[in-house]
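> Here it is: the structure, laid out below.
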Amino acid sequence: MRQFLKFTLASILGTIVSTFLLFFILIVVVGGAISSALGEFNTSDSPVNVKDNTILHIELDKPIADRGPEKQFDFNFGPFASSSVLGLDQILEALKDAKTDENIAGIFLDISGVGGGMATTEEIRNALIDFKTSGKWIVSYSEMYSQKAYYLASVSDEIYVYPEGVIDFRGLSTNIAFLKGMFEKLEIEMQIIRGSNNKFKSAVEPFMLDEMSQANRAQTEQWMGSIWNNMLSQIGKSRNLSAAQLQEIADTYRVQDGKDAVAAGLATDVKHFDEVLSILKTKTETEEKDDLETISLTKYIRAPKSSGGDDFEFDFDKAKIAVVYASGGIGGGDGTEDEIGSDAFARAIREARRDSSIKAIVLRVNSPGGSALASDVIWRETVLAKAAKPLVVSMGDVAASGGYYIAAAADHIMAMPNTITGSIGVFGVIPNVKGLFNNKFGITFDGVKTGKYADFPNVTRPLTDMEYAFIQNSVDSTYATFVSRVGQGRDMSAAKVDSIGQGRVWSGIDAIPIGLVDSYGGLNDAIAKAAELANVKDYKLKAYPEMKDPFEQLMEDFSAQAGIMLLNGYFQGDAAMLQQFNEIRKAKELNGIQMLLPFGYAFE
């Protein structure tokens, strides 16, 4: 009876919340239509003027996607707020324009964290270094710099930190949640089938082990170590410190407050915010009694280009380079904003291939992989595209497993030093929940079938030896296909690909010597390479796939935020429980043979 009441009340609560949400959305839609007419919504259509001697004020607390929305809605209604993201493409373009914009005096980096991954951070950092070649200055300030924020800020001419603030500088780490014990207590058997030689394919380890395997620990130490060493090298160049000095600072946890950061050479000085504003006024020769002339990054993105606004001219005869953005896990169908749907992306690549005005294609990959079948569908279209025109891949924060599969056929592959890539391996997972239902819930299963394998696969019973053999054969066959696809694209023998495959994860630094990546570079570098291969100098960019209507995306964002609120309430703010729930949800959604990175590879 208690369970009945629990589920009944949950259903009633769900109905109330859904009704409220629909009513709220109706108000927002109607209000949005009215306020758009009155100009109250802050969208990309709003005119933005950059005055003389303006400081570009950069905050990067929003999520950073590879591709930014054409329009952004800025509002905040209690727990419901606009979740618009910054586009890396927009940030890079804004910094490029600010470099030559006579109205921009310098940049004020006001950052505590960075809403993007390590490779994204590096691309922005390189753009800031390029900005400085104009002779303009960069000043940074924060009460608390995260490691990514400090890595970005380290290029600044002057780095200020709040006196009681801190610069987080401890080294990188990653933490994986192992679920084996939980599944055992629930009497769920995770039936796992890996490639016969995929000892590094560790995405399934959380289901079968209670700690990292030696192979996984070794590969993680390798790729994480190379990324950390790159950070030490780049910070050292900017701050005139050796890698050994920086490592000693991290190992002794020497930076406890702002004064420690200054003493260690990580910061220029300790300052309060008002003191930093005074410094900026001095740099811009602004009277102390007057306000600084500043413009936010989001507004500057909407400002007319200093070049005169060629982007607004329609030139149908001008050559084009297509940029196909592939971000998220890989699955079938049309996908979502956070998932690469094989149908939608195959269609996008096909459209770019058939468009005679498009002279080259750049495939921007930011994906940990996913469905092997969906990856192969996209791969086929890349092969056809490569036969028709130059195809260049730009790897973002991660382009591994299925993400590498769809990149392998390209003429040229570019990555950042801290891109996560490789993971050429395959696995399959079929849970057996018989024990859970039989022993915990008292539920049993029975049925009728007309063939020996008519109910295969079946999560309510264990696999037979023959069924295990079927799946193992499928996994091994898929791995052989994966190795073959990479071999064809990279001009390697199957033995060579296997030696660097077996599910092993590599950093961009290590991927170049072994032939998985051709050169370092970000998105703009990949576009320039595609133009070079196509022998075009004057071109426009065309992005694929087509973005959703802003209001359609707005409604999805509301739904997602409502779901997050309900989950947080259910788990009462327990982050560990919420993480385990999400891991189980992800495992439940796996369908077919998988090419996927291990869980938990995210670090600050």
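> Would you work out what percent of the accessible area of the range 360-505, with all protein chains in place, is carbon or sulfur (probe 1.4 Å)?
56
> Based on the mean of other beta carbon atoms within 10 Å per residue, what is the order of 88-94, 416-422, most packed first?
Result, highest mean Cβ count within 10 Å first: 416-422, 88-94.
> In whole Hz and in residue order, list the ³J(HN,Hα) couplings for the range 341-358 that follow from phi through the Karplus curve 6.51 cos²θ - 1.76 cosθ + 1.60, θ = phi - 60°; x for Gly and Pro.
So the J values, rounded to whole Hz, are x, 4, 5, 5, 6, 5, 5, 5, 5, 5, 4, 5, 5, 7, 7, 5, 6, 8.
> Percent antiparallel among DSSP beta bridges with both residues in the range 334-412, to the nearest 5?
Among the beta bridges of the range 334-412, antiparallel pairing accounts for roughly 20 percent.
> Let me ask something else. May I ask you to order 192-199, 488-495 by the average number of other C-beta atoms within 10 Å around their residues, highest value first? Mind dumping the intermediate values first?
Values: 192-199: 19.5, 488-495: 14.1.
Top of the packing list down: 192-199, 488-495.
> If you take every residue apart from LEU232 with its C-beta less than 13 Å away from the C-beta of LEU232, what net charge results, scoring Lys and Arg +1 and Asp and Glu -1?
Numbers: positive: ARG170, LYS237, ARG239; negative: GLU248, ASP251.
Result for the neighbourhood of LEU232: +1.
> Among the trypsin sites (Lys or Arg not before Pro) in the range 209-294, which ones are in a DSSP loop with at most 12 other Cβ atoms within 10 Å of the Cβ? Mind listing them?
LYS289
> Using a 7 Å offset from the Cα along the Cα-to-Cβ direction at both LEU533 and LYS96, what is the distance between the two label points in nm, to one decimal?
It works out to 1.8 nm between the two label points.
> Right, here's the next one. With a 1.4 Å probe and every protein chain left in place, work out the accessible area per residue of the range 208-351 in Å², rounded to a whole number.
Numbers: 7660 Å² over 144 residues.
With the other protein chains kept in place, the range 208-351 gives 53 Å² per residue.
> Once the convex hull of the alpha carbons of the range 149-226 is built, what does its volume come to per residue, in cubic angstrom?
So the per-residue Cα hull volume is 140 Å³.
> Taking the Cβ of ALA261 as the center, what net charge do the other residues with Cβ under 15 Å away carry, scoring Lys and Arg +1 and Asp and Glu -1? Write down the numbers at each step before the final one.
Working: positive: ARG170, ARG239, ARG254, LYS259, LYS271; negative: GLU143, GLU158, GLU164, ASP168, GLU248, ASP257, ASP260, ASP269.
Counting the neighbours of ALA261, the net charge comes to -3.
> Starting from the 7 Å offset along Cα-to-Cβ, what nm value, one decimal, do you get for the label separation of MET466 and GLU275?
It works out to 7.9 nm between the two label points.
> Just flag the chymotrypsin sites (Phe, Trp or Tyr not before Pro) in the range 176-273 sitting in loop per DSSP whose Cβ has no more than 16 other Cβ atoms within 10 Å.
The qualifying sites are TYR253.
> Restricting attention to the range 157-206, which GluC sites (Glu not before Pro) occupy a DSSP loop and are surrounded by at most 15 other Cβ atoms within 10 Å? Don't jump to the answer; show the numbers that get you there.
On the way: sites: GLU158, GLU164, GLU184, GLU187, GLU189; in loops: GLU187.
Those that pass, being in a loop and sparsely packed, are GLU187.
> Of LYS62/LYS148; LYS62/LYS259; LYS299/LYS542; LYS185/LYS449, which pairs sit farther than 20 Å apart, going by alpha carbon to alpha carbon?
Result: LYS62/LYS259; LYS299/LYS542; LYS185/LYS449 exceed 20 Å.
> Oh, and also: Tell me the carbon and sulfur percent of the accessible area for the range 162-260, rounded to whole percent, probe radius 1.4 Å.
It is 45 percent, rounded to a whole number.
> At 0.36 nm per residue, and after removing the present C-alpha to C-alpha distance, how many nm does the segment from LYS542 to ASP251 gain when stretched out fully?
Gain on extension, LYS542 to ASP251, equals 100.1 nm.
> Further question on the same structure: Rounded to two decimals, what is Rg over Rh for the range 392-505 when you use alpha-carbon atoms and the Kirkwood radius? Walk me through the numbers on the way to the answer.
Values: Rg = 19.7 Å, Rh = 16.9 Å.
Rg/Rh for the range 392-505 comes to 1.16.
> Right, something else. Taking H as built 1.01 Å from N, whose amide H comes closer than 5 Å to the amide H of THR419, not counting residues under 5 places away?
For THR419, the qualifying residues are GLY508, ILE509.
> Considering only protein heavy atoms, what per residue accessible area in square angstrom results for the range 480-523 with a 1.4 angstrom probe?
Each residue of the range 480-523 exposes 36 Å² on average to a 1.4 Å probe.
> Can you give me the Rg/Rh ratio for the range 197-260, using Cα atoms for both radii and the Kirkwood formula for Rh?
For the range 197-260, the value is 1.17.
> Starting from the amide H of VAL323, placed 1.01 Å from N in the peptide plane, find each other amide H under 5 Å away whose residue is 5 or more places distant or on another chain.
Distant-sequence amide H within range of VAL323: VAL362, LYS542, ALA543, TYR544.
The values are calculated or read from the model by the stated rules, or taken from the named source; none is laboratory data. Please read all numbers here as calculations on a predicted model, not as lab measurements. Every residue, glycine as well, gets a Cβ built from its backbone with ideal geometry; the counts of neighbours run over all protein chains shown. The protein model used for the area step is the full one, side chains on, heavy atoms only, and it has no ligands, DNA or RNA in it. Shrake-Rupley method; radii C 1.70, N 1.55, O 1.52, S 1.80 Å.
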